Amino acid sequence: MNTQTPEQIQNKPFFYKPFFIAPQHTIFAERAIRFDELAAADQSSWRDYLALLAEVSRAQDVALNAILPTSALPEKSGETRLPKSDGTHIPPLFINSLQTLLAALNGKVNPVIQAALNDLAARSDDDLLEMAKRVLRDEVSENEQVFRIWLHAALQCAWTAWASQLSDDDVPSVDERSVCPCCGGDAVASVVLSGGDWEGLRYLHCGVCNSRWNALRAKCTFCNDQSAIAFQQVDGVEEGVLHGAYGESCGKCGAYRKLFLLANQQYADPIADDLASLAVDILLSSEGLQRGGRNPFLLAE
Ligand SMILES: [Zn+2]
Ligand SMILES: [Zn+2]
């Protein structure tokens, strides 16, 4: 996977900075470790949710690796390299992914959640496919909210299995940087890489297929304006998740997205660290800024 011929590698400039970085097969296993760390460091009742998401990530790791061998990459047919994750298309391996995920979570969650998982496991495939479309369209009804996380988690596995098979030659650079060039999904947050030739490069991270794509740090990722970008952090924090977590806001359009400096928190994960740094959201929303970047596991948006 992600293999390139010697000619392709030789043709790259020496300090080559890829536009696109594919997710590794270990992405969910690494995210589970990060959620565990963040849960252990959290002193509030929120830690229970972070610990639950560590279990979800572990189950996603099982599901991803179960479907990878048979996850055939579709031909490009629309604007994005992969079918758009906008509710018009559900990957063929979604049902398989969901079943594996539910089996992996069985017995590892509290009775209330277990009841929801059992309910989901008893649904017909047609029912599940229609619900999955509503999840991606953000049209989930009140009584289906309890299923949203699990359905989205399985959708992430199916799209990530595809994205992990792409190389940066498959995903050419595009002007529009606020949505994923692979699946059109929203960028949850950015990471600024640390170390070696990639020091300081900023990549946005997709909340559906876990692809990363490069975007200039000096530019607003919502409106492309460069005149009023500001970075804010919770004052007086010199360690832990908040040490690496910034809000990147734009005075022009009034929106912000999280940005995580790997130089400060080496193992920061855009999905996990976003959920453990809500203090940054409280700070920025108190200044009237609007959050952008949809985290699939953040329910109160
Ligand atoms: Zn994507
Ligand atoms: Zn802007």
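The values are calculated or read from the model by the stated rules, or taken from the named source; none is laboratory data. In this text, all values refer to a predicted model and were calculated from it rather than measured experimentally. Counting neighbours? That spans all protein chains shown, and the Cβs are built from the backbone with ideal geometry, glycine included. When the accessible area is computed, the model is the full protein with side chains, heavy atoms only, and any ligands, DNA or RNA have been set aside. Shrake-Rupley method; radii C 1.70, N 1.55, O 1.52, S 1.80 Å.
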Any idea which of Thr88, Thr100, Thr80 is modelled with pLDDT of 95 or more, hydroxyl-bearing (Ser, Thr, Tyr) and not in a helix (DSSP H, G or I)? Thr88
Condition check for Val135: of a type in the set (Val, Ile, Thr), open to solvent by 10 Å² or more (accessible area, probe 1.4 Å), farther than 20 Å from Asp61 by Cα and within 16 Å of ligand 2 (Cβ to nearest atom): no
On the basis of being in contact with a Leu (Cβ under 8 Å, 6 or more places away or on another chain), farther than 13 Å from Gln156 by Cα, among the polar types (S, T, N, Q) and open to solvent by 20 Å² or more (accessible area, probe 1.4 Å), does Asn118 make the cut? no
Would segment 106-116 turn up any residue that is out of contact with any helix residue (DSSP H, G or I) (no Cβ under 7 Å at 6 or more places or on another chain) and closer than 16 Å to Pro92 by Cβ? no
For segment 144-248, which fully contained strands (runs of 3 or more DSSP E) count at least 3 residues that are within 16 Å of ligand 2 (Cβ to nearest atom) and over 18 Å from the mean Cα position of the chain (by Cα)? 229-232
Go through (1) open to solvent by 60 Å² or more (accessible area, probe 1.4 Å); (2) in the same structural domain as Glu79 (by TED's automatic domain parsing); (3) among the small types (Gly, Ala, Ser) for Gly196 and report which single condition fails. (2)
If you go through segment 220-227 one residue at a time, do you hit one that is hydroxyl-bearing (Ser, Thr, Tyr), without any contact (Cβ under 8 Å) to a residue 24 or more places away in the chain and away from ligand 1 (no atom under 12 Å from the Cβ)? no
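I'd like to check something: does segment 245-256 contain any residue that is open to solvent by 50 Å² or more (accessible area, probe 1.4 Å), away from ligand 1 (no atom under 16 Å from the Cβ), basic (Lys, Arg) and free of Cβ contacts under 8 Å to residues at least 40 places away in the same chain?
At the first step, the residues of segment 245-256 found to be open to solvent by 50 Å² or more (accessible area, probe 1.4 Å) are 251-253.
From what's left, away from ligand 1 (no atom under 16 Å from the Cβ): 251-253.
Next cut, basic (Lys, Arg) only: 252.
The next check asks that each one be free of Cβ contacts under 8 Å to residues at least 40 places away in the same chain; those that pass are 252.
So far as segment 245-256 goes, yes, one or more of its residues are open to solvent by 50 Å² or more (accessible area, probe 1.4 Å), away from ligand 1 (no atom under 16 Å from the Cβ), basic (Lys, Arg) and free of Cβ contacts under 8 Å to residues at least 40 places away in the same chain.
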